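In what follows, a single structure is set out as structure tokens and then discussed.
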Amino acid sequence: MKHCRECGHEVSEQALTCPSCAAPYPAKEKWDGWGFEYKSEAALFGWPWLHISFKYQPNRMPVPARGIIAIGQFGLGVVTISQFGVGLISVSQFTLSGFALAQFGIAYALIAQFGLFVEKGWGQFVRRFSDVWPVF
């Protein structure tokens, strides 16, 4: 038995919530959310070489993957593999990228089901920016 980190009530080490205050995982000294997150110790300009994040904060906000290689539901990096991604090279469901493979994408060069591209593009409903917005 341990004490809840929030209210001090005595709880089991395996308790999922505190019976007194409903704090999640009350026996843990520190708890920072649900899911999985990994950041490599090696970094470049403050960004980890690899950041994998399928995690939610205690307030249920997602933790985006930010790194040279970013893998997660939300990704921001040089290379992103994500559901929603922004990066130089991206494999995503929805993306804004330089070079992309996506279901929905906006990129310089793009392979997508739906998308807008600047230079090269292939896909089912893929159009050049200048065809959609003649201003460009």
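The values are calculated or read from the model by the stated rules, or taken from the named source; none is laboratory data. Keep in mind that what you see is a predicted model, and the values were worked out from it rather than measured. Cβ placement follows ideal geometry from the backbone for every residue including glycine, while neighbour counts extend to all protein chains displayed. Surface accessibility is based on the protein's heavy atoms, side chains included, excluding ligands, DNA and RNA. Shrake-Rupley method; radii C 1.70, N 1.55, O 1.52, S 1.80 Å.
Return the inverse of the average 1/r over all pairs of distinct C-alpha atoms in the chain, which is the Kirkwood hydrodynamic radius, in Å to one decimal. Don't skip to the answer; put the middle values down first.
Values: mean 1/r = 0.0587 Å⁻¹.
Averaging 1/r across every pair of different Cα atoms and inverting gives 17.0 Å.
Once phi is turned into ³J(HN,Hα) by the Karplus curve 6.51 cos²θ - 1.76 cosθ + 1.60 with θ = phi - 60°, what whole-Hz value does each residue of the stretch 96-107 show in order, with x for glycine and proline?
With the stated coefficients, the stretch 96-107 comes to 10, 7, x, 10, 9, 10, 8, 7, 10, x, 10, 7 Hz.
Just to be sure I follow: if Rg is taken over the C-alpha atoms of the stretch 1-60 and Rh is the Kirkwood radius over the same atoms, what is Rg/Rh? If you can, show how the numbers build up before the last one.
Details: Rg = 15.3 Å, Rh = 13.2 Å.
In the stretch 1-60, Rg relative to Rh is 1.16.
Which trypsin sites (Lys or Arg not before Pro) does the stretch 36-136 hold that lie in a coil by DSSP with at most 14 other beta carbons within 10 Å?
Working: sites: 39, 55, 60, 66, 120, 127, 128; in loops: 60.
Here the sparse-neighbourhood loop sites are 60.
Select from the stretch 1-62 those chymotrypsin sites (Phe, Trp or Tyr not before Pro) which occupy a DSSP coil region and have at most 13 other Cβ atoms within 10 Å, ordered by residue number. Working shown, then result.
Values: sites: 31, 34, 36, 38, 45, 49, 54, 56; in loops: 31, 45, 49.
When the chymotrypsin sites (Phe, Trp or Tyr not before Pro) of the stretch 1-62 are filtered for loop state and at most 13 Cβ neighbours within 10 Å, 45 remain.
At 1.4 Å probe size, with every protein chain present, just tell me what the per residue accessible area of the chain comes to in Å². Each step should come with its number before you reach the end.
Values: 8700 Å² over 136 residues.
I get 64 Å² per residue for the chain.
Could you work out the relative contact order of the chain? I mean the mean sequence separation of Cα pairs under 8 Å and 6+ apart, divided by the number of residues, in percent.
Numbers: 375 pairs, mean separation 11.7, N = 136.
Reported relative contact order: 9 percent.
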